[in-house]
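Notes follow the structure.
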Amino acid sequence: MEILLQQLFNSLTIGSVYSLVALGLTLVYGILHIPNFAHGALYMMGGYITLTMMTAYGFNYWIAMFVSVLVVGIIGVLLERFVFRLLREAPPLHDKIAAIGILLFLEAFAQFVWGADFQTMTSPYGQVVTIMGLTFTMQRLLIIVSAIVVMILLYVFLKKTFTGASIIAMSQSREGASLVGININKVAMLTFMISGGLAAIAASLASPINLVFPGMGHLVILKAFVIIILGGMGSIPGAIVGGYILGFSESLGATYISNDYKDIIAFLLLVIILTVKPTGLFAKGER
Amino acid sequence: MKIMNNRTFMVALIVIAILFPLIFQNDYYTHMLTLSFIWAIAVYGINLLAGYTGYLSLAHAGFFAIGAYSLGLLTVKAEMNFWLALVLACLITSGVGLLIGIIALRTKEHFFAIYTLCVGYIIYLVIDKWDGLTGGVRGLIGINAPGNIGPITFETAESQYYLVLTFLVVVIFVIYRIVHSLTGRTFLAIRNSEELAQTIGISTMKNKLTAFVLSTFFAGLAGALYASFVRFIGPDIGSTAIMFDLLMYLLVGGIGTLSGPLVGTLMLVILSQNLQFLQEYRMLIFGPILTLIIIFYPRGISGSFFDWKRKRRNQTGNVLKPIKVKEG
């Protein structure tokens, strides 16, 4: 029973990180119809920038994270402006390949600047707390709480502000949004900025319990794709719920099935889903 | 293109390829060319699927690895004759391809790419974790060089070069025949509009599956040749990094063109060999090149060359508008 509770807690931690990454991915997909394969590289950049800000400039964890969000957000904007906007009218194959090109570049860039070694990020929240016989590290609690706060903020932003409403409008119909005077290019850039920012937050939160290395985004992005297919491509609640579902299945799988094969669980899940329903779960009339 | 010109050109190319090791007598160059020919065979497979049928599979490094491991295991552990193992390796790969294709091809566009990306990753993880069979991260060593055909042995770099060259020429010829057959036209119809193809009575699933299985066959063949040529394989040959390499060769050369895979592979392999000092960081240059090419020259070097030639001819002769190509 205690192991189960401990694992449930762990899965909340992993699930929170997955949800944040998947949120960014699903936003871009839902609004711009781009499956951004480079999203994992943005996640990786987020981890490195926070780490560098902390080690090289001695910034406080939160300030470092803020800088990272800003920088990765700007990278996202640049990608939209100089790559994906030029491909808006191109066949769907091109977006994907361009994204792969960006992914390759960012990874080589990270390796060039920071080296290929695994690095550790020390969190100022190393304390261990014991609640009802279960031990938690502060960092893990922090991940869960911050992720939920970020999700609530994102929700409020999308539902309650005018800018948020224009993003939603564009996700429903690009032409319609443009007809009522929404600046499509601005919304597209903003979407990429939020998406990059979310990836940076996720990476900064997760790095102290994982490691920072050039390939750190690989598995995460693949899993994020699994999540958004699970939750319905482009659906925001779907990405959150899907993230936690995957987190749970992985932690439980690792405990009760095999730790070696825990990474396969996500992919098997996806293979099963798409085998049963090729258009993805909850597909809303694909174009 | 005039057929005569094209044929003379092809013959000239083959003659150059045959003479190359005799003129240069440099084992390093021969080795590099042999390797790039092997990659080119795999790229031709991907091109058949992505370029002609319009389905971007990201699992082909996995199929390449299946081919390589099949040959490796059959020759090393089962001590089978090389040629029998080569045939079996291709068949095993296309068999797996058939199973995966049946399921994967029900998905479309983004879903297909993501699905195959995950399939590729599963293949990689299985090879990596299945210590008992594949040797896990340590890989498989001591794979035999290609077996003799009668009196011909394949011990030297030159003989291996000629062997791989023969395979490549055969592959290109087969692809040429496929692309110019009714089946090839059907692939193009599916690429341009699957709905339309269905409307005129094409069984799209059957044709897509044919393209998929054929492309995995070529990936498996390339993998098997790679294993017997390099004599050592590790799980890394099934990684996404290799997949992206192959994709890049295809795109730079020209997706959906017959010469593209060869042009792209040769150019990039030679380029990255000459940029040795960049090895680890070559993606710093190639990543942006890939992105720029897809934005400004979506048809790669070969495709853009033919477009340019056509445009020039049209300016001098009749006013034929260049054919608008939807994809690739």
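The values are calculated or read from the model by the stated rules, or taken from the named source; none is laboratory data. If you're wondering where the values come from, they're calculated on a predicted model, not measured in any experiment. Ideal geometry is used to build each Cβ from the backbone, glycine not excepted, and the neighbour counts take in all protein chains shown.
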Qualifying residues in the range A:94-144 (those that are charged (D, E, K, R) and at the interface with chain B (Cβ under 7 Å from one of its Cβ atoms)) - the one nearest to B:Ser57 (Cα to Cα): A:Lys96
Condition check: without any contact (Cβ under 8 Å) to a residue 12 or more places away in the chain, of a type in the set (A, V, I, L, M) and surrounded by fewer than 23 Cβ atoms within 10 Å (Cβ to Cβ). Does A:Leu78 satisfy that? yes
Of the numbered conditions (1) surrounded by fewer than 17 Cβ atoms within 10 Å (Cβ to Cβ); (2) in a helix (DSSP H, G or I), A:Lys96 satisfies every one except a single condition; which is it? (1)
Could you please find all residues in the range A:73-93 being part of a helix (DSSP H, G or I) and within 7 Å of chain B (Cβ to nearest Cβ)? A:Val83, A:Pro92, A:Leu93
Return yes when B:Val137 is away from chain A (no Cβ under 14 Å), out of contact with any strand residue (DSSP E or B) (no Cβ under 6 Å at 6 or more places or on another chain) and in a helix (DSSP H, G or I) and no when it is not. no
Here are some residues: A:Ser166, A:Ser178, A:Ser195, A:Ser173. Which one is surrounded by 23 or more Cβ atoms within 10 Å (Cβ to Cβ) and either among the hydroxyl-bearing types (Ser, Thr, Tyr) or within 14 Å of another protein chain (Cβ to nearest Cβ) (or both)? A:Ser195
Selection from the range B:102-129 of residues assigned to a helix (DSSP H, G or I) and of a type in the set (Val, Ile, Thr) yields B:Ile102, B:Ile103, B:Ile114, B:Thr116, B:Val119, B:Ile122, B:Ile123, B:Val126, B:Ile127
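To keep it simple, each residue is scored yes or no on (1) over 17 Å from the mean Cα position of the chain (by Cα); (2) among the aromatic types (Phe, Trp, Tyr); (3) outside any helix (DSSP H, G or I).
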site	(1), (2), (3)
A:Gln7	yes, no, no
A:Asn10	yes, no, no
A:Ser19	no, no, no
A:Ile49	no, no, no
A:Met54	yes, no, no
A:Phe59	yes, yes, yes
A:Ser68	no, no, no
A:Leu103	no, no, no
A:Leu106	no, no, no
Restricting the search to the range B:75-101, which residues are surrounded by fewer than 22 Cβ atoms within 10 Å (Cβ to Cβ), in a helix (DSSP H, G or I) and at pLDDT below 90? B:Val76, B:Phe82, B:Trp83, B:Leu84
Residue ID - farthest from B:Met80 (Cα to Cα), chosen from residues in the range B:138-162 that are without any contact (Cβ under 8 Å) to a residue 24 or more places away in the chain and touching a helix residue (DSSP H, G or I) at 6+ places or on another chain (Cβ under 8 Å): B:Ile152
